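Chemist: Attaching a single structure in structure tokens format; questions to follow.
The values are calculated or read from the model by the stated rules, or taken from the named source; none is laboratory data. Just so it is clear, the structure is predicted and the values come from calculations on it, not from any experiment. No Cβ is skipped: glycine too gets one built from the backbone with ideal geometry, and neighbour counts run over all protein chains shown. Ligands, DNA and RNA are excluded from the accessible area calculation, which covers all protein heavy atoms including side chains. Shrake-Rupley method; radii C 1.70, N 1.55, O 1.52, S 1.80 Å.
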Amino acid sequence: MIKIQAILLFALWLYGDTVYIATGEWSPWVSESLKHKGVAAHITKEAFKTQGDDVQFNFYPWKRSYVSAKVGKEDATGFWLKTKERTKDFYFSDEIFTIKNVLIFKKNKKIDFESVDDLKKYKIAVTKGYSYSQEIDDMIKNSTLKVHWVSSDLAGLRQTLKKHTFDAFICSLSVARSLLQKNFTKEQISKLQFSQKSVFEKSVYLMVSKNNKEHKQLLESFNKGLKILKSKKLINKMIEDSYRGRYE
């Protein structure tokens with residue numbers, strides 16, 4: 001019996017732990033339909049792998065992902081922007097990658113802005129459950145920015161093409177390009193334009209609940225792995241591969 005227990009303990013040490021991560025659909029960064037579950041999921045899995053840990057991604061609506069990780073049903077949740085509200089409940093990893101968000105609108109519209117403050121003169125479509133930088137989040141909360149809520153990025157793009165009551169839709173540039181390519185015709189895509197100026201560029205992180213007793217170990221393991229991937233320039237390569245459609 002003692003020998004069997006020793007073998008089991010050695011096997012657990014050898015193969016490491018499985019980290020359970022809650023996330024939502026956010027193609028091309030993370031999706032159940034993509035190879036490796038998308039580039040963000042691939043980066044995360046490879047980072048943990050360097051430390052001997054496996055990863056399982058569980059897909060839910062974004063709000064449920066947040067709550068599941070917060071109460072401890074999952075070990076962590078990805079992939080999120082850092083906000084004051086979220087830092088109340090979670091510890092954040094090191095930066096995984098940076099996203100560029102732009103305005104998307106019909107070509108017959110004219111949208112001019114130099115700063116986020118200039119958006120107050122427009123009605124902007126935003127996706128439920130998302131953060132759009134602390135400044136924009138505060139503007140939405142204080143009702144100084146007129147917003148139209150959509151259920152998803154795909155819904156936002158579809159509504160932008162139709163007759164609507166808003167002026168423009170905020171979306172990650174890479175996400176918008178991916179969704180347009182998969183779900184719209186060339187003729188439909190030709191009717192839309194992206195703002196040349198980004199609304200904001202923000203880093204994306206893995207979050208671990210402050211209620212998780214293993215938060216220090218989890219984040220230390222992930223950050224170490226992330227550092228290794230960055231030192232080998234593997235993250236940039238993975239992101240370039242994603243842009244080339246190699247995760248499809």
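Chemist: How many of the residues making up region 113-140 are in a loop (DSSP other than H, G, I, E, B), out of contact with any Lys or Arg (no Cβ under 7 Å at 6 or more places or on another chain) and open to solvent by less than 20 Å² (accessible area, probe 1.4 Å)?
Modeler: 2
Chemist: Follow-up question, since we're still on this one. What is the residue count in region 145-191 for residues that are open to solvent by 70 Å² or more (accessible area, probe 1.4 Å) and either assigned to a loop (DSSP other than H, G, I, E, B) or among the charged types (D, E, K, R) (or both)?
Modeler: 12
Chemist: When you go through K45, K84 one by one, which is the residue that is closer than 22 Å to V199 by Cβ and over 13 Å from the mean Cα position of the chain (by Cα)?
Modeler: Numbers: K45 fails: closer than 22 Å to V199 by Cβ.
On inspection, the qualifying residue turns out to be K84.
Chemist: Return the residue satisfying two criteria in turn: it lies in region 195-213 and is part of a strand (DSSP E or B) and among the polar types (S, T, N, Q), and of such residues it is most open to solvent (accessible area, probe 1.4 Å). Steps first, please.
Modeler: Restricting attention to region 195-213, the residues satisfying the condition of being part of a strand (DSSP E or B) are 200-209.
Now drop any that are not among the polar types (S, T, N, Q), which leaves 203, 209.
Working: S203: 25, S209: 2 Å².
My answer is S203.
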